[in-house]
Amino acid sequence: MAFVGADGSAQSAPLSSCWTVPFETVSPVRKFSSYRGKRSFSGLWWSSTTADHVGFESWMERDHVMALDFDASVVGFSSQPFRLSWDDGKRNRSHVPDYFARLRDGTGVVVDVRADDSIKPDDEAAFAATEQACASVGWTFRRVGELDSVWASNVRWLAGYRHPRCLHAGRATDLRQAFRTPTPLLDGVLRVGDPIAVLPTLFHLLWARSLEVDLQSSPLSASSLVWCRGGDKR
């Protein structure tokens, strides 16, 4: 496999001898392409998990970067972390997975983002080879597609408040008190103060998982039940 070392130099070694590299911190092994007429959109996501930018090459990838950033079990992740190479018996093949994530328990997860209806035979072979390579060193492999639309929409909204500048410590303490038991969102906010001042901190706490809300069933609204459970991711 090939990857970019901590000093910025190109590295190459068998996966069996370099799987302990902190791939969640490496630079992309290849550049993100951008050209006139390109059908997908590339960009950078500021991660509240790492306080750094992570690249994406499509809106679907952007949503999965967001999902990794929101996932309380993820402590670090990187894009285009390495290039795997193998011989499939007919020709030499290579594949660059989309993301590598490090979980809180120390395990690694390799993620490829591809819609179900966009997978071709060569893609299936690349994903199978990647999954096999991951299994050989105890990593998990995930091939993911479209996120649930309601969940993704809600998390996109909360992501707008992920930066620490949205957190007001005093209001955060008051909000945790207001939502000790499940309470409609706006009712709890009004107990603390002016919604214009309080809502940014509420949404930040929901992003950080200090407060909880059902993100699956329906869009966030004034009547969504919010409650205090668990601890902050950050």
- prompt: What are the residue pairs meeting all of these: first residue in the range 208-227, first residue touching a residue at least 40 places away in the same chain (Cβ under 8 Å), second residue assigned to a strand (DSSP E or B) and small (Gly, Ala, Ser), Cβ atoms under 6 Å, and 6 or more apart or on different chains?
  reply: none
Within the range 149-181, tally of residues that are outside any helix (DSSP H, G or I), out of contact with any Gly (no Cβ under 7 Å at 6 or more places or on another chain) and either under 18 Å from Ser48 (Cβ atoms) or open to solvent by less than 80 Å² (accessible area, probe 1.4 Å) (or both): 6
query: Regarding Val226, is this residue more than 19 Å from the chain's Cα centre (by Cα) and either more than 30 Å from Leu15 (Cα to Cα) or assigned to a helix (DSSP H, G or I) (or both)?
result: yes
query: What pairs can you find where one residue is in the range 79-107 and in contact (Cβ under 8 Å) with a residue 12 or more places away in the chain and among the small types (Gly, Ala, Ser), the other is outside any strand (DSSP E or B) and open to solvent by 30 Å² or more (accessible area, probe 1.4 Å), and their Cβ atoms are less than 6 Å apart, with a gap of 6+ or different chains?
result: Ser79/Pro28
- prompt: Taking the range 170-213 only, how many residues are of a type in the set (Ser, Thr, Tyr) and touching a His at 6+ places or on another chain (Cβ under 8 Å)?
  reply: 1
task: Pick out the one residue from Ala51, Ala2, Ala10 that is touching a strand residue (DSSP E or B) at 6+ places or on another chain (Cβ under 7 Å), at pLDDT 90 or above and surrounded by fewer than 13 Cβ atoms within 10 Å (Cβ to Cβ).
output: Ala10
message: Of the conditions (1) open to solvent by 50 Å² or more (accessible area, probe 1.4 Å); (2) in contact with a strand residue (DSSP E or B) (Cβ under 9 Å, 6 or more places away or on another chain), Val226 satisfies every one except a single condition; which number is it?
response: (1)
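The values are calculated or read from the model by the stated rules, or taken from the named source; none is laboratory data. Being a predicted model, the structure only gives us computed values, none of them experimental. Note that we place each Cβ from the backbone using ideal geometry, even for glycine, and neighbour counts take in every protein chain shown. Side chains included, ligands, DNA and RNA excluded: accessible areas come from the protein's heavy atoms. Shrake-Rupley method; radii C 1.70, N 1.55, O 1.52, S 1.80 Å.
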